[in-house]
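Only one structure is covered here, and it is reproduced in the block below.
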Amino acid sequence: MRSIKQHATPSMVVAVIALIVALSGSAVAAKSLIDGRDIRRRSIPADRLTAAAVRSLKGAKGDTGARGVTGATGATGAQGAAGAQGAAGAAGERGERGERGEQGERGERGEQGPAGPQGEAGADGEDAGVEIAQQLTLDGPLTIAPEQTLDLPADPPRWTQESNQVNMVFARFEFSERPTQCSPNEMGLYSWVVIDGQRGFGAPVNSPTYHPGPGPWSVEGNYTLPMVETATEHTLSIRLESLCEGDGESFTLSNARVRIVAIG
């Protein structure tokens, strides 16, 4: 028996105990036969212990250790989806009025607009303090055909300009119809006041290219006969001269008024 104890190993001891337990059927006998002195250090693995034994091996939680060094910054992650648009904020207070800016440069002058329609002829007024030396009145309608020239004398055709007098000639011609075009040019028709066989002045009645708008169309003008030292006899007539050459390019004269006023 002395020689068995001297040569026994831990594994042999465990085997003997197991044999005794198996033979006796009691765990109490094994407990009384072995203690911690008979087990070699670090010879029993953890998976051979009970859960309660493992838990009993844990000590109390130690103090929190010092904070470690901050790690390197990680790579930037992918941009997230855009969030929903937020509600509009309240309107801010109105700011102060800014200073007035400098005046800009003046723009270029625009093109002249088309002529307005001819106004209605006014009633003949009474002449005061002047003398009507001669007059010609013609009431139409009178048609002037293409390329036609009409000479219409006053009745009576003659008057006398007294010495030291200035005679002023005033004329007005009114037309109710005109052609829509005048070929080969757009000059239309000329209304002349003829004194002593010479055309004193003329006024054109043009086609719509120059005188747009609805009728009637009128032209007017004046002419001065200079002062004479002795009484001088003159003749008065009007001439209507069409420069149109196309078929149907006719004018219709409504009336004509020529007055010669003696001054002095």
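Given the conditions (1) surrounded by 14 or more Cβ atoms within 10 Å (Cβ to Cβ); (2) over 23 Å from residue 142 (Cα atoms), report the number of the one that residue 233 does not fulfil.
Condition not satisfied by residue 233: (1).
Polar (S, T, N, Q) and assigned to a strand (DSSP E or B): does that describe residue 135?
For residue 135, the condition - polar (S, T, N, Q) and assigned to a strand (DSSP E or B) - is met.
Quick grid of which residues meet (1) among the small types (Gly, Ala, Ser); (2) modelled with pLDDT of 80 or more; (3) under 27 Å from the mean Cα position of the chain (by Cα):
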{"residue": "67", "(1), (2), (3)": "no, yes, no"}
{"residue": "81", "(1), (2), (3)": "yes, yes, no"}
{"residue": "90", "(1), (2), (3)": "yes, yes, no"}
{"residue": "103", "(1), (2), (3)": "no, yes, yes"}
{"residue": "112", "(1), (2), (3)": "no, no, yes"}
{"residue": "120", "(1), (2), (3)": "no, no, no"}
{"residue": "124", "(1), (2), (3)": "no, no, no"}
{"residue": "127", "(1), (2), (3)": "no, no, no"}
{"residue": "133", "(1), (2), (3)": "yes, yes, no"}
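Looking only at segment 219-264, count every residue that is small (Gly, Ala, Ser) and closer than 19 Å to residue 151 by Cα and tell me the total.
Residues of segment 219-264 small (Gly, Ala, Ser): 221, 231, 237, 242, 246, 248, 250, 254, 256, 262, 264.
Keeping just the survivors that are closer than 19 Å to residue 151 by Cα gives 221, 237, 242, 250, 254, 256.
Counting residues in segment 219-264 that are small (Gly, Ala, Ser) and closer than 19 Å to residue 151 by Cα gives 6.
Identify, from the list 67, 94, 42, the residue that is in a loop (DSSP other than H, G, I, E, B), surrounded by fewer than 10 Cβ atoms within 10 Å (Cβ to Cβ) and at positive phi.
Values: 67 fails: at positive phi; 94 fails: at positive phi.
Exactly one of 67, 94, 42 is in a loop (DSSP other than H, G, I, E, B), surrounded by fewer than 10 Cβ atoms within 10 Å (Cβ to Cβ) and at positive phi, namely 42.
Under 6 Å between Cβ atoms, at least 6 apart or on separate chains: pull out the pairs that start in segment 248-264 with a residue that is in the same structural domain as residue 180 (by TED's automatic domain parsing) and buried (at least 18 other Cβ atoms within 10 Å of the Cβ) and end on any residue that is assigned to a loop (DSSP other than H, G, I, E, B) and of a type in the set (D, E, K, R).
From segment 248-264, the pairs are 251/178.
Taking the conditions exactly as written (within 30 Å of residue 226 (Cβ to Cβ), polar (S, T, N, Q) and in contact (Cβ under 8 Å) with a residue 60 or more places away in the chain), does residue 198 satisfy them or not?
On the way: within 30 Å of residue 226 (Cβ to Cβ): yes; polar (S, T, N, Q): yes; in contact (Cβ under 8 Å) with a residue 60 or more places away in the chain: no.
Against the criterion (within 30 Å of residue 226 (Cβ to Cβ), polar (S, T, N, Q) and in contact (Cβ under 8 Å) with a residue 60 or more places away in the chain), residue 198 does not qualify.
Quick one: would you say residue 120 is among the charged types (D, E, K, R), in a loop (DSSP other than H, G, I, E, B) and within 30 Å of residue 215 (Cβ to Cβ)? Break it down into steps so the answer makes sense when it comes.
Details: among the charged types (D, E, K, R): yes; in a loop (DSSP other than H, G, I, E, B): yes; within 30 Å of residue 215 (Cβ to Cβ): yes.
For residue 120, the condition - among the charged types (D, E, K, R), in a loop (DSSP other than H, G, I, E, B) and within 30 Å of residue 215 (Cβ to Cβ) - is met.
Which numbered condition in (1) farther than 18 Å from residue 155 by Cβ; (2) buried (at least 18 other Cβ atoms within 10 Å of the Cβ); (3) in contact with a Gly (Cβ under 6 Å, 6 or more places away or on another chain) is the only one that residue 201 fails?
Of the numbered conditions (1) farther than 18 Å from residue 155 by Cβ; (2) buried (at least 18 other Cβ atoms within 10 Å of the Cβ); (3) in contact with a Gly (Cβ under 6 Å, 6 or more places away or on another chain), the odd one out for residue 201 is (2).
The values are calculated or read from the model by the stated rules, or taken from the named source; none is laboratory data. Since this is a predicted model, take the numbers as computed values, not measurements. So basically every Cβ, Gly included, is an ideal-geometry build from the backbone, and we count neighbours across all protein chains shown.
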